[in-house]
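Heads up: the structure comes next, in structure tokens.
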């Protein structure tokens, strides 16, 4: 799935689920095993030439009749999303996740209080 995303200054980039970096993957439950985790939201980042890393959410569902969506978000919205899913499943974020997120300018472990 791809989507052209236009930034406020008129420049654009192409969000591409196959080529961009998945920063967060929602838990997935295979079909026919119950209804939990049959939809979710993943977070991706796209490295642009002049605007650094741009973030977008991918909302997906296994339910028939629902459409998947790519939604651009700001870096602050991406950080709030990651904070909201912290410890969501499998111990996200672990030490490796935290280090990887720093590459994209996000430090979830930094205390600001």
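Rounded to the nearest 500, the 222 nm mean residue ellipticity of the chain from helices alone is -5000 deg cm²/dmol, with -39,500 (n - 2.57) taken per DSSP H run of at least 4 residues.
Full extension of the chain segment joining residue 73 with residue 92 gains 4.8 nm, where the gain is 0.36 nm per residue of separation less the Cα-Cα distance.
Inter-label distance, residue 59 to residue 99: 3.5 nm, where each label sits 7 Å from its Cα along the C-beta direction. By the beta-carbon count within 10 Å of each Cβ, the least crowded to most crowded order of 7, 17, fewest first, is 7, 17.
To the nearest µm²/s, what D does Stokes-Einstein give for region 2-103 at 20 °C and 1.002 mPa s, using the Kirkwood radius over alpha carbon pairs as Rh? Rounded to a whole number, D works out at 145 µm²/s. Ordering 60-71, 44-55 by mean Cβ neighbour count within 10 Å, with the highest value first, yields 44-55, 60-71.
Just so you know, all these numbers are worked out from the coordinates, no wet-lab data involved. Note that the coordinates shown come from a computational prediction; the quantities given were computed from them, not determined experimentally. Cβ sites come from the backbone with ideal geometry, for glycine too, and all protein chains shown count toward neighbours.
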